[in-house]
Amino acid sequence: MKSIKEYAAYTLLSISILSFRSTLEAQPGIEAAVLPWPSASKAAVSITFDDAYISHVSRAMPLLENHGFRGTFFLIVDKLFRQGKYINHRPSTPISEWQAAAARGHEMASHTVSHVPLDAIEAQQMRAELIHSKAILDSLFLGESVVSLAYPFSRTNAAVAEEARLIYQSGRVGPPTDGSAVYNDPATADLMSLKAFFPCSTVAQWHSAVERTIAGNGWLVEALHPIDEPGFCRVATEDFADHLHYLSQQQPALWVAPVRDVVKRIRQWRTVELQIEIISEKVYQLRIIGTHSYQPDWQVALYLNDPHLWRVEEENGRIVSSTMEEDALVFSWPQHRANDLLFLRPKDQTHTAQYSWGTLKHAIRKRLEH
């Protein structure tokens, strides 16, 4: 498994030494990392579907929802409206059923207007495929803006990707061809060229891809096509059900979420800063900045000598639950204190509650009122 420490390279850490320099020099330095996935999760999986097959609504969605999962569905606009080459060929389910699915939390995403290889057409037509598909889908699904794209036939190039970057927040290609890991690294992945896993093989190999993703703390984007109906990379219903059961057994180590949710979190994680400041002997003040209006639950790993001798507290002395992982003290930053301070101190140190002047005035006023 990738060491948690590897994430420290992608987390900006600032340490300000205000006092007790000699004490600090006698203590080990603190390394810290904000981890990318939600509390207790080691990796992420997104279950995606291409080409708007009828079986996506009739078979996939009920199975997903039985496990509490939601998928990402890359829709071809012409197929929804039975236009072009889709007039009499593999029709999709009525648009109203896709709209109902979106209302239940599934992500509706773009697979362009006519499903042509974007790297093989004129630039003007390529831009039209990207722009018009988003505009039409946005008009159909008013609850959530369409932000995810899957390139038709997994084909793209630098020009296509840069044009797509102006319109979408992510773009999905196909399986890696360079021998690299099948999953995406949240720290380094180009969000406009996300790798995908096509489950065209055995269920055991499908599960193995998830195992490798958890071991690598990565993000696996699964790309399915038809389920028990004709088409490319057909998957049997029983195999899909088996895989969903397997995914549910991996929780809470595995976070299963639509592409838009994972991308939103990764984009935010890449901007987060963890600041550590020494405020007194053996007491460190912790602050997360960069959360803005979106405040997900962050896991934080602190590396220090004998981490089991330390604890994290809120300002009022309430202890924040933590665990020991490898050589780190790991805890979830309380969401209700997303923009506030936490404190790291030795377990054997007596804590004296410290109040800001505003807090103290409030406490005195409340006492006088009673």
How compact is the stretch 155-209 by the rule of thumb for globular proteins, expressed as Cα Rg over 2.2 N^0.38 Å?
1.27
At 7 Å along the Cα-to-beta-carbon direction for both ASP239 and GLN99, put a label point, then send me their distance in nm to one decimal.
3.5
Mind listing the phi-derived Karplus ³J(HN,Hα) values for the stretch 226-235, rounded to whole Hz, using 6.51, -1.76 and 1.60 with θ = phi - 60°, and x for any glycine or proline?
x, 10, 6, 8, x, x, 5, 6, 5, 10
What residues have an amide H closer than 5 Å to that of LEU254, excluding those fewer than 5 places away on the same chain, when H is modeled at 1.01 Å from N in the peptide plane?
LYS42
Cut-off 17 Å, label 7 Å out along Cα→Cβ of ALA159, residues of the stretch 106-146 by amide N
116-131
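At 0.36 nm per residue, minus the direct Cα-Cα distance, what do VAL283 and ARG212 gain on full extension? Give it in nm, one decimal, please.
21.7 nm
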Calculated Rg and Dmax of the stretch 151-307 using C-alpha coordinates, Å
19.3, 69
Order GLU281, GLU326, most accessible first, counting only protein heavy atoms with a 1.4 angstrom probe.
GLU326, GLU281
Given the whole protein assembly as supplied and a 1.4 Å probe, what does the accessible area of ASP51 come to in Å², nearest 10?
20
Taking R0 as 51 Å, what's the FRET efficiency between ILE54 and ASN316 from their Cβ-Cβ distance, rounded to 0.05?
0.35
Short version: ³J(HN,Hα) in whole Hz for each residue of the stretch 311-317, in order, from phi by Karplus 6.51 cos²θ - 1.76 cosθ + 1.60 (θ = phi - 60°), x for Gly and Pro, what are they?
9, 10, 10, 7, 4, 8, x
Taking 25 Å as R0, compute the FRET efficiency from the Cβ-Cβ separation of THR202 and ASP178 and round it to 0.05.
0.60
Suppose accessible area is computed on protein heavy atoms with a 1.4 Å probe; arrange PHE74, PHE153, PHE81 from highest to lowest.
PHE153, PHE81, PHE74
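The values are calculated or read from the model by the stated rules, or taken from the named source; none is laboratory data. The model shown is predicted, which means the values in this text are computed figures rather than measured ones. No Cβ is skipped: glycine too gets one built from the backbone with ideal geometry, and neighbour counts run over all protein chains shown. SASA here: full protein model, heavy atoms, side chains in, ligands and nucleic acids out. Shrake-Rupley method; radii C 1.70, N 1.55, O 1.52, S 1.80 Å.
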